[in-house]
1. Arg31 fails exactly one of the following numbered conditions: (1) within 17 Å of Leu101 (Cβ to Cβ); (2) of a type in the set (Lys, Arg); (3) touching a Phe, Trp or Tyr at 6+ places or on another chain (Cβ under 6 Å). What is the number of that condition?
2. Going through Ala16, Ala45 one at a time, which residue ends up being farther than 24 Å from Pro115 by Cα and among the small types (Gly, Ala, Ser)?
3. Pick from Leu24, Leu39, Leu65, Leu84: which is outside any strand (DSSP E or B) and surrounded by 15 or more Cβ atoms within 10 Å (Cβ to Cβ)?
4. Residues of region 42-62 being more than 19 Å from Arg97 (Cα to Cα) and assigned to a loop (DSSP other than H, G, I, E, B), which ones?
5. Can Ile109 be described as in contact (Cβ under 8 Å) with a residue 24 or more places away in the chain, open to solvent by less than 70 Å² (accessible area, probe 1.4 Å) and assigned to a loop (DSSP other than H, G, I, E, B)?
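The values are calculated or read from the model by the stated rules, or taken from the named source; none is laboratory data. As the structure is a computational prediction, the values presented were derived from the model and not from experiment. Neighbour counts are summed over all protein chains in view; Cβ atoms, including those assigned to glycine, are modelled from backbone coordinates with ideal geometry. When the accessible area is computed, the model is the full protein with side chains, heavy atoms only, and any ligands, DNA or RNA have been set aside. Shrake-Rupley method; radii C 1.70, N 1.55, O 1.52, S 1.80 Å.
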Amino acid sequence: MQVTRIHPYAWLWEPAASDPTFVLRPMFGARAMYLSGRLMLCFVARQEPFRGVLICTERDHHAALVDEFPLLKPHPVLPKWLYLRDTSPGFERIAERLVRLAQARDPRIGIVPPPRRRRRTRGDHP
């Protein structure tokens, strides 16, 4: 019998799952949420500094998002994105609000992901 582990932040992305454009993909041990083809949020439940929510955004939007959510900080490893630690006061409330903003297609949240590289097979030539 195989046991399926439930991601500790699944409750955050579940409200968005009813969107017909919703896609959830694994990404470096995280779960990446896409809406309308845009990478919106990454939910990471590893060790710090990868324990919370990464807000996928352009640097031009950092100031506006931090003004609205002062607990957001540039991620120490991926500073192009903002980070909400799961130990932040009000984590649940803030994370839920970020998901709602993503669902509403707030232009400050989300990036167009780079095209996926095709994996080479034995018959491919460089």
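1. So Arg31 meets the others, but not (1).
2. Being farther than 24 Å from Pro115 by Cα and among the small types (Gly, Ala, Ser) holds for just one of Ala16, Ala45, which is Ala45.
3. It is Leu65.
4. Answer for region 42-62, where residues must be more than 19 Å from Arg97 (Cα to Cα) and assigned to a loop (DSSP other than H, G, I, E, B): Arg46, Gln47, Glu48, Pro49, Phe50.
5. yes
Here is a yes/no grid of residues against (1) at pLDDT below 95; (2) in contact with a Gly (Cβ under 7 Å, 6 or more places away or on another chain):
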residue	(1), (2)
His62	no, no
Lys73	no, no
Pro89	no, no
Leu98	no, no
Ala102	no, yes
Asp106	no, no
Ile111	no, no
Thr121	yes, no
